[in-house]
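Here the structure comes first, spelled out in structure tokens, and everything after it is commentary.
The values are calculated or read from the model by the stated rules, or taken from the named source; none is laboratory data. Note that the structure is a prediction, hence the values are computed from the model and not measured. Glycine gets a Cβ as well: all are built from the backbone with ideal geometry, and neighbour counts include every protein chain shown. The protein model used for the area step is the full one, side chains on, heavy atoms only, and it has no ligands, DNA or RNA in it. Shrake-Rupley method; radii C 1.70, N 1.55, O 1.52, S 1.80 Å.
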Amino acid sequence: MSYNISITKTQSSKLDQLDFDNIPLGTSFTDHMFICEYKDGQWQNPRIEPLRPIPTHPAAMALHYGQAIFEGMKAYKNAEGTPLLFRPEHNASRLNKSAERMGMPTVPEELFVDGLKELVALDHAWIPPQQGSALYLRPFMYATEAFIGMRAATSYNFVIMASPSGPYFSKHIRLWAEKQFIRAAEGGTGEAKAAGNYAAAIRPTELAKAKGYDQVLWLDAAEHKYIQEVGTMNIFFKINGNFITPELDGSVLHGITRLSVIELLKSMGYQVIERKITIDEIREASRNGTLEEAFGTGTAVGIAYIKEIGLENETIHVSEESPVAVEVNDTLNAIKIGKIDDRFSWMTEVQSQLA
Ligand code: COI
């Protein structure tokens, strides 16, 4: 089924105010947004409108009980100027997994992807052409029903907004291995992309930044020894020639960049092992010289090279060089902008809808 998405264009584009050479993530927004409402058991009135504040009742349940989930993805442009989306169907299915965990309605994949395509087609001039830059897309859903009480809301908004962004990290980063606070426990909401997971991470992240670190490395809730993920990324280690990444045990986000990097590394002939991995094992590999590389993967960051992991009384040194991660990053980026063959069929062109 194809959705009939009505379009109202802005009368006053802000595009000419954008400095394409200086766009920190999340600070600029395009002219339009996609929006539709869920009520009476169905999604209604999908449309694109000029970006605007959305009125919110003070009792909107998202504000009180946290029924709020989101996705992160990016649109790129190839040499001909055709916008390209990276594996959007995976974001649709992850949003729906998050929705199920949080007691929210799912969004039909076609509505999700059609909404994205229409928005990207309309605001395609906002896709930055600079290397490492992209149009960040933020689909999200939140409970709008005005009600005080503990149950699933009956009305929701599903919105997609778009935000041009430059590269996230340009240097090797330092992580703080967190042993006081936790991100996710068994049976919790760790693998959902739920706003509350990020809320709980804000204070520990600020404390880590005050110590001079870039992001938090999360450890398991029970023993503080198994590595889960990093602030906004999944994590990979190269030890003795093989890649290891924490298994998806319910506490770890199903990263789409993570999945793609696993596929890419395997195609390059590397062994990639998804298993439990302890911080002690990483410390030991650093000491005995077998820890060769470490890097994070995420939509916003792309691939972030890790040089150090800080613990209470010591520092685990990784490496100032990450040759395989650099190769993976370059290959991924080249696929995303259509510079090399999309041999995995990851990219979706936004063409027919071009406004
Ligand atoms: C993303 O990588 O897209 C995220 O959602 C992380 C965000 C907090 C920047």
Subject >> Only Lys, Arg (+1) and Asp, Glu (-1) charged, at Cβ; the chain dipole about Cα centre in debye >> reply: 460
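Have a look at the DSSP beta bridges in the stretch 173-336 and tell me what percent are antiparallel, nearest 5. Kindly include the intermediate steps, with their values, before the conclusion.
Numbers: 20 of 32 bridges.
Here the share of antiparallel DSSP bridges comes out near 60 percent.
Apply the a/c threshold of 1.5 to the C-alpha gyration tensor of the stretch 262-326 and tell me whether it is rounded, prolate or oblate.
Working: a/c = 1.79, a/b = 1.47, b/c = 1.22.
Prolate, since a/c reaches 1.5 and a/b exceeds b/c.
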Original post:
Total Lys pairs in the stretch 105-258 closer than 26 Å by alpha-carbon, pairs eight or more apart in sequence or interchain only?
Top reply: 16
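Keeping all protein chains in place, calculate the accessible area per residue for the chain (probe 1.4 angstrom), answer in Å².
That works out to 45 Å² for each residue.
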Original post:
Label residue 97 and residue 171 with points 7 Å out from Cα along Cα→Cβ: what is the distance between them in nm?
Top reply: 3.5
**OP:** Report the full-extension gain for the segment residue 130 to residue 200: residue separation times 0.36 nm, less the Cα-Cα distance, to one decimal in nm.
**Re:** 21.8 nm
Original post:
Between 88, 130, 78, whose Cα lies farthest towards the positive end of the dipole of the stretch 77-146 when Lys and Arg beta carbons carry +1 and Asp and Glu beta carbons carry -1, centred on the Cα centre?
Top reply: 130
**OP:** Specify the angular offset, from 0 to 90 degrees and rounded to the nearest 10, of the alpha carbon long axis of helix 109-122 from the longest principal axis of the alpha carbons in the chain.
**Re:** 80
Original post:
Hey, rough spin-label estimate for residue 22 and residue 209, points 7 angstrom out along Cα→Cβ, what's it come to in nanometres?
Top reply: 2.0
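With Cβ to Cβ distances under 13 Å as the rule, what net charge do the other residues near residue 275 carry (K, R +1; D, E -1)? Show your work: numbers first, answer last.
Numbers: positive: 276; negative: 247, 249, 274, 281.
Neighbour charge sum, excluding residue 275 itself: -3.
So, with +1 on the Cβ of K and R and -1 on the Cβ of D and E, and no other charges, what is the size of the charge dipole of the stretch 1-66 about its Cα centre, to the nearest 20 debye?
Numbers: 5 positive and 7 negative charges, 48 e Å.
With only Lys, Arg, Asp and Glu charged at Cβ, the dipole is about 220 debye.
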Original post:
Pairing the Cα long axis of helix 323-336 with the longest principal axis of the chain, what angle in degrees results, from 0 to 90 and rounded to the nearest 10?
Top reply: 10
Original post:
In the stretch 173-336, what percent of the accessible surface is made up of carbon and sulfur (1.4 Å probe, ligands and nucleic acids excluded)?
Top reply: 46
**OP:** Specify which residue in the list 255, 204, 289 is farthest towards the positive end of the charge dipole of the stretch 173-336, using unit charges on the beta carbon of Lys, Arg (+1) and Asp, Glu (-1), about the Cα centre.
**Re:** 204
**OP:** Over the alpha-carbon set of the stretch 1-103, divide Rg by the Kirkwood Rh and report the Rg/Rh ratio to two decimals.
**Re:** 0.98
**OP:** Please sort by residue number the GluC sites (Glu not before Pro) in the stretch 265-355 whose DSSP state is loop and whose Cβ has at most 16 other Cβ atoms within 10 Å.
**Re:** 312, 314, 320, 321
**OP:** Starting from the stretch 115-195, pick out the GluC sites (Glu not before Pro) whose DSSP state is loop and whose Cβ has at most 15 other Cβ atoms within 10 Å.
**Re:** 186
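Assuming a viscosity of 1.306 mPa s and a temperature of 10 °C, what translational diffusion coefficient in µm² per second does Stokes-Einstein assign to the stretch 139-220, Rh being the Kirkwood radius over Cα pairs? All intermediate terms of the calculation are to be shown ahead of the outcome.
Numbers: Rh = 15.8 Å.
Diffusion coefficient, whole number: 101 µm²/s.
Of the DSSP beta bridges with both residues in the chain, give the percent that are antiparallel, rounding to the nearest 5. Don't skip to the answer; put the middle values down first.
Values: 56 of 70 bridges.
In the chain, approximately 80 percent of DSSP beta bridges are antiparallel ones.
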Subject >> Per-selection Kirkwood Rh - the chain (Cα, Å, 1 d.p.) >> reply: 21.3
Original post:
What 222 nm value per residue comes from the helices of the chain, counting each DSSP H run with n ≥ 4 as -39,500 (n - 2.57) and dividing by all residues, nearest 500 deg cm²/dmol?
Top reply: -7500 deg cm²/dmol
Original post:
Taking the highest mean first, how do the peptides 155-164, 215-224, 14-23 order by number of other beta carbon atoms within 10 angstrom per residue?
Top reply: 155-164, 215-224, 14-23
Subject >> Distant alpha-carbon pairs in the stretch 173-336 (separation over 29 angstrom), percent >> reply: 12
Subject >> Alpha carbon centroid spacing (whole Å) that separates the stretch 3-39 from the stretch 66-132 >> reply: 13
**OP:** Place a +1 charge on the Cβ of each Lys and Arg in the stretch 173-336 and a -1 charge on the Cβ of each Asp and Glu, then give the dipole magnitude about the Cα centre in debye, rounded to the nearest 20.
**Re:** 320
Original post:
Using Cα atoms only, what is the angle between the long axis of helix 88-101 and the major principal axis of the chain, expressed in degrees (0 to 90) to the nearest 10?
Top reply: 90
